[in-house]
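The values are calculated or read from the model by the stated rules, or taken from the named source; none is laboratory data. Keep in mind that what you see is a predicted model, and the values were worked out from it rather than measured. As a convention, Cβ positions derive from the backbone with ideal geometry for all residues, glycine included, and neighbour counts pool all protein chains shown.
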Amino acid sequence: MNKQHEKALPEIPPKPADTENKKINTPRIKRLKNVKLATKENPTVVVPESVDRPLLRAALKDSFLARNLELDKGKEIDFTKRTSRGFDYFQMNVLFNKSLTVADVKLAIYLHNVFVMDDEINFRGLVFVVRPIATYMELSRAYGELGGVYIRDNYHSKEATFYKEEVDFYHLIDYAKNLVGSDSSTVLTKTLQRLHDYGYITVTDITPETQAIPIPSKTKKPDSNRRVRLKHIRLCKWMVYNKVFWQLEGM
């Protein structure tokens, strides 16, 4: 073969210096550190009462659903409708729901008693600790500022409400054994979710995703597997001011 047709071999780069004991600097992806949840600048936003309630929908009589829902048009239950402004039907709606477990009933009645003080019902809600913690200092490193957290209800106010730890926080996990038969935060969380899905309470997990400006999470775990410590919980007005128990299957 003629030399003029021979392909030039690529040059072999010089052997690098001995790097066996030499650190190689590689760029690192910056991760969010020490980003607190529920702050004044970026408060937690509560779940609306109009959120889907799958267990409630399944428990209501077909005749009620036919009168009050137009499912083919995407119409949902009107949770703002009230048949009474003076009488509290919440406990009746709990006790006559045959689908509830003993744990469901005990926790629902307990929460109702927490929110009713001197004949006044607190619909603003409170913050509940649902996992064991050592001290409030442990919470303050991850949540809020000035000894509390900021939570906003976009449907009723543009301003966030300050929930003070000493007044507006309840350590629900401390009563879990008596209420749901287990001191497991997982059992407690599942019972709270059932009451939420039945429409008795509205639960908002204080997580990176529920902030006014969502915060990228450090974990790819789904919400159901998160170790959520704080939840904002409030009574659902629809269950307080309406005789829902007459519309439940089996009544």
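Would you mind telling me which numbered condition in (1) in a loop (DSSP other than H, G, I, E, B); (2) in contact with a strand residue (DSSP E or B) (Cβ under 9 Å, 6 or more places away or on another chain); (3) among the polar types (S, T, N, Q) Ser182 fails? So Ser182 meets the others, but not (2). Reported count of residues in the stretch 121-150, each being within 17 Å of Cys236 (Cβ to Cβ) and not in a loop (DSSP other than H, G, I, E, B), is 3. With the structure loaded, tell me whether Lys158 is basic (Lys, Arg) and at pLDDT below 90 or whether it fails that test. Yes: the conditions hold for Lys158. Consider the stretch 126-145 and keep the residues that are of a type in the set (A, V, I, L, M) and surrounded by fewer than 13 Cβ atoms within 10 Å (Cβ to Cβ). The one that is farthest from Thr210 (Cα to Cα) is Ala134. Note on the stretch 163-204: among residues that are within 22 Å of Met137 (Cβ to Cβ) and charged (D, E, K, R), the one that is surrounded by the most Cβ atoms within 10 Å (Cβ to Cβ) is Asp168. For the stretch 197-251, the set of residues classified as small (Gly, Ala, Ser) and either more than 15 Å from the chain's Cα centre (by Cα) or modelled with pLDDT under 90 (or both) consists of Ser217, Ser224, Gly250, listed by residue number. Look at (1) within 19 Å of Val187 (Cα to Cα); (2) in contact (Cβ under 8 Å) with a residue 40 or more places away in the chain; (3) not basic (Lys, Arg) and you find that Tyr155 fails only one, number (1).
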